[in-house]
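The values are calculated or read from the model by the stated rules, or taken from the named source; none is laboratory data. Only a predicted model underlies this, so the values are computations on that prediction, with no experimental measurement involved. Because the Cβ atoms are built from the backbone with ideal geometry, glycine has one as well, and the counts that use them run over all protein chains shown.
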Amino acid sequence: MPEQDPVTPLGVLVADDHPIFLAGMRQLLAAYPGLDCVAAVTSGTEAVRQVVARRPDVAVLDLDMPDLSGVAVVREIGTQAPEVGVLMLTMHGDDESVFAALRAGARGYLLKGATPDEVVAAIRSVASGGAVFGPSIAARLVEYFTARPAVSVTAALPGLTDREREILAHLADGEANATIAARLYLSPKTVRNHVSNIFTKLHVADRHAAARRAREAGLGRP
């Protein structure tokens with residue numbers, strides 16, 4: 001039988017401005033099969049340079065680094081090496097830090113209190129295209145997104161009046177002007193005027209486009 005090729009280990013770059021932490025991460029990665037620490041760097045600029053040069057499967061980044069923040073490094077990686085997955089491993093668990101990293105393109109976010117098994121599992125998940133968050137971060141994300149509907153609608157459709165948003169919700173449900181007028185006890189002419197204003201404010205040409213914008217903002221029946 002032909003010999004099987006050994007499984008190529010996942011290449012991991014670690015960037016943190018604390019040399020002792022870097023040494024610990026090197027030992028951690030060496031202790032788990034299938035992982036290879038291809039670089040361990042202490043600055044954001046060097047992290048970007050090494051990622052571009054070595055193309056690891058995953059870059060594990062701290063937020064606080066000299067000369068270039070972790071968030072800025074994530075953006076640079078997304079531009080210069082978008083195939084590299086990014087896992088944030090940091091002490092900062094506040095909303096601003098978490099969402100800044102995710103908006104920049106990070107696919108995982110763990111706090112430094114995570115166990116070695118959790119860190120390794122997160123690295124492997126990010127390498128395979130998944131998204132990973134520590135328990136406290138995941139709970140905050142769920143709370144953030146489930147608590148936002150009313151605010152999101154107003155923010156997504158800031159130029160509309162309350163009545164126009166109400167009518168737009170009915171448009172999203174596919175209702176005709178006459179049906180909307182009957183439901184809201186308005187004249188058909190008033191509804192037509194509101195619909196025309198909605199089209200103008202949303203910069204859309206027809207009911208289908210308006211309905212799509214409404215559903216994107218969370219209006220209409222689920």
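Which of (1) within 12 Å of the chain's Cα centre (by Cα); (2) in a loop (DSSP other than H, G, I, E, B) does GLY113 not meet, given it meets every other one? Among (1) within 12 Å of the chain's Cα centre (by Cα); (2) in a loop (DSSP other than H, G, I, E, B), the lone unmet condition for GLY113 is (1). Taken over region 2-20, the criterion of being out of contact with any strand residue (DSSP E or B) (no Cβ under 6 Å at 6 or more places or on another chain) and surrounded by fewer than 21 Cβ atoms within 10 Å (Cβ to Cβ) is satisfied by PRO2, GLU3, GLN4, ASP5, PRO6, VAL7, THR8, ASP17, HIS18, PRO19, ILE20. Residues considered: ALA40, ALA106, ALA23, ALA101. Of these, the only one that is buried (at least 19 other Cβ atoms within 10 Å of the Cβ) and farther than 21 Å from SER128 by Cα is ALA40. Sort out which residues of region 178-199 are loosely packed, with under 13 Cβ neighbours inside 10 Å, part of a helix (DSSP H, G or I) and of a type in the set (Ser, Thr, Tyr), and write them in order of number. SER196 - this is the single residue of region 178-199 that is loosely packed, with under 13 Cβ neighbours inside 10 Å, part of a helix (DSSP H, G or I) and of a type in the set (Ser, Thr, Tyr). Among the residues of region 118-134, those identified as over 16 Å from VAL7 (Cβ atoms) and touching a residue at least 60 places away in the same chain (Cβ under 8 Å) are VAL119, VAL126.
GLN50 fulfils the conditions (1) in contact (Cβ under 8 Å) with a residue 40 or more places away in the chain; (2) assigned to a helix (DSSP H, G or I) except for a single criterion, (1). Selection of first residues in region 57-68 that are modelled with pLDDT under 90 and of second residues that are among the small types (Gly, Ala, Ser), restricted to Cβ pairs under 6 Å at least 6 apart or on distinct chains, gives the following pairs, ordered by first then second residue: MET65/SER43; MET65/GLY44; PRO66/SER43; ASP67/SER43; ASP67/GLY44; LEU68/GLY44. Every condition in (1) touching a helix residue (DSSP H, G or I) at 6+ places or on another chain (Cβ under 7 Å); (2) crowded, with 19+ Cβ neighbours inside 10 Å; (3) in contact (Cβ under 8 Å) with a residue 40 or more places away in the chain is met by GLY93 except one, and the failing one is (2). Filtered by the rule that a residue be modelled with pLDDT of 85 or more and crowded, with 16+ Cβ neighbours inside 10 Å, region 138-165 gives LEU160, GLU164, ARG165.
Residues in region 72-89 include none that are assigned to a loop (DSSP other than H, G, I, E, B), at positive phi, modelled with pLDDT of 95 or more and surrounded by fewer than 21 Cβ atoms within 10 Å (Cβ to Cβ).
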